[in-house]
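The values are calculated or read from the model by the stated rules, or taken from the named source; none is laboratory data. Note that the coordinates shown come from a computational prediction; the quantities given were computed from them, not determined experimentally. Cβ atoms come from the backbone with ideal geometry, glycine included; neighbour counts cover every protein chain shown.
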Amino acid sequence: MEPELQGSLLDLCGEPGPGPLGSAVQRIVLAHGAWIDLRPGWIAGADALFGRLAGTVPWREERRHMYDRVVDVPRLLCFYGEGEPLPDPMLDEAKRALDDHYAAELGEPFRTAGLCLYRDGKDSVAWHGDTTGRSSTQDTMVAIISLGAPRTLALRPRGGGGPVIRHDLGHGDLLVMGGSCQRTWEHSVPKTARAAGPRISVQFRPRDVR
């Protein structure tokens, strides 16, 4: 059964697909050489894209070791490796636009796409940085497209000692984490007791970054 999404009236505006980047992107400089870019409402037709992905992506449940026990991962997952076809043409369009916009700064294209389905407010991801592979020692970028109901994405300096930054992302918003962000900051999607509709997060990463 597909999760039910309360759509956004703003999603009815414009031709479906990614909008312009350029000056529409707001960069926020963080400490320790990290930064984030924000582009609200980047994907027009985001709620329709959510519906297609929710119904066609081969979502899977995972279990992971945590301390002395095995626990359920509180979200559904799917990963598309380098060279694998993406599940919707609109994601191909988005990837091309991101590659064009960040080519000079990143120096390489985005190669993989990880998808997470947060079914309700009980689904979450704990504090972490994407530090498997090159991102443990090198600056890189992770581009996140948020589809469906807004959820909080929180960031904090690794090791504490600074404020927690929160952004409510949904309905086609784009957030890109760059510079040293994966090494010097952590991010999470916390659980919430408030009524929360389903959300899909699409994360584009360069080669050897997880």
| query | Filtering region 133-158 down to residues that are part of a loop (DSSP other than H, G, I, E, B) and more than 17 Å from the chain's Cα centre (by Cα), which residue is nearest to Glu62 (Cα to Cα)? | reply | Arg158
| remark: Scanning region 126-140 for residues that are surrounded by 19 or more Cβ atoms within 10 Å (Cβ to Cβ) and either free of Cβ contacts under 8 Å to residues at least 24 places away in the same chain or on the phi > 0 side of the Ramachandran plot (or both) gives none
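In region 14-33, which residue that is in a helix (DSSP H, G or I) and without any contact (Cβ under 8 Å) to a residue 24 or more places away in the chain is surrounded by the fewest Cβ atoms within 10 Å (Cβ to Cβ)?
Step one: filter region 14-33 for residues in a helix (DSSP H, G or I), giving 22-24.
Going one step further and asking which of them are without any contact (Cβ under 8 Å) to a residue 24 or more places away in the chain, we end up with 23-24.
Details: Ser23: 6, Ala24: 13.
Of everything passing the filter in region 14-33, Ser23 is surrounded by the fewest Cβ atoms within 10 Å (Cβ to Cβ).
For every residue, the table says whether it meets (1) under 20 Å from Gln182 (Cα atoms); (2) among the polar types (S, T, N, Q); (3) in a helix (DSSP H, G or I).
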{"position": "Leu86", "(1), (2), (3)": "no, no, no"}
{"position": "Asp92", "(1), (2), (3)": "no, no, yes"}
{"position": "Ala97", "(1), (2), (3)": "no, no, yes"}
{"position": "Tyr102", "(1), (2), (3)": "yes, no, yes"}
{"position": "Glu105", "(1), (2), (3)": "yes, no, yes"}
{"position": "Pro109", "(1), (2), (3)": "yes, no, no"}
{"position": "Ala113", "(1), (2), (3)": "yes, no, no"}
{"position": "Lys122", "(1), (2), (3)": "no, no, no"}
{"position": "Thr131", "(1), (2), (3)": "yes, yes, no"}
| task | Would you check if there is a residue in region 179-194 being polar (S, T, N, Q), in contact with a Gly (Cβ under 6 Å, 6 or more places away or on another chain) and buried (at least 21 other Cβ atoms within 10 Å of the Cβ)? | result | yes
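Conditions tested, residue by residue: (1) part of a strand (DSSP E or B); (2) over 27 Å from Gly17 (Cβ atoms); (3) of a type in the set (Val, Ile, Thr).
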{"site": "Gly160", "(1), (2), (3)": "no, yes, no"}
{"site": "Ser188", "(1), (2), (3)": "yes, yes, no"}
{"site": "Lys191", "(1), (2), (3)": "no, yes, no"}
{"site": "Ala196", "(1), (2), (3)": "no, no, no"}
| note | Just one listed residue, out of Pro109, Pro150, is touching a Gly at 6+ places or on another chain (Cβ under 7 Å), surrounded by fewer than 19 Cβ atoms within 10 Å (Cβ to Cβ) and either at pLDDT 95 or above or among the β-branched types (Val, Ile, Thr) (or both), and it is Pro150
| Selected residue (only one of Ala143, Ala154, Ala113 is out of contact with any helix residue (DSSP H, G or I) (no Cβ under 8 Å at 6 or more places or on another chain) and on the phi < 0 side of the Ramachandran plot) | Ala154
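Quick one: which residue in Trp42, Trp35 is touching a Cys at 6+ places or on another chain (Cβ under 9 Å), at pLDDT 95 or above and of a type in the set (Phe, Trp, Tyr)?
Values: Trp42 fails: touching a Cys at 6+ places or on another chain (Cβ under 9 Å).
From the options Trp42, Trp35, the qualifying one is Trp35.
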| field | Test: residue in region 171-179 that is closer than 20 Å to Pro74 by Cβ and either touching a Cys at 6+ places or on another chain (Cβ under 6 Å) or assigned to a loop (DSSP other than H, G, I, E, B) (or both) | value | no
| query | Only one of Asp123, Asp92, Asp72 is within 24 Å of Pro40 (Cα to Cα), surrounded by fewer than 16 Cβ atoms within 10 Å (Cβ to Cβ) and either of a type outside the set (Gly, Ala, Ser) or more than 13 Å from the chain's Cα centre (by Cα) (or both); which? | reply | Asp92
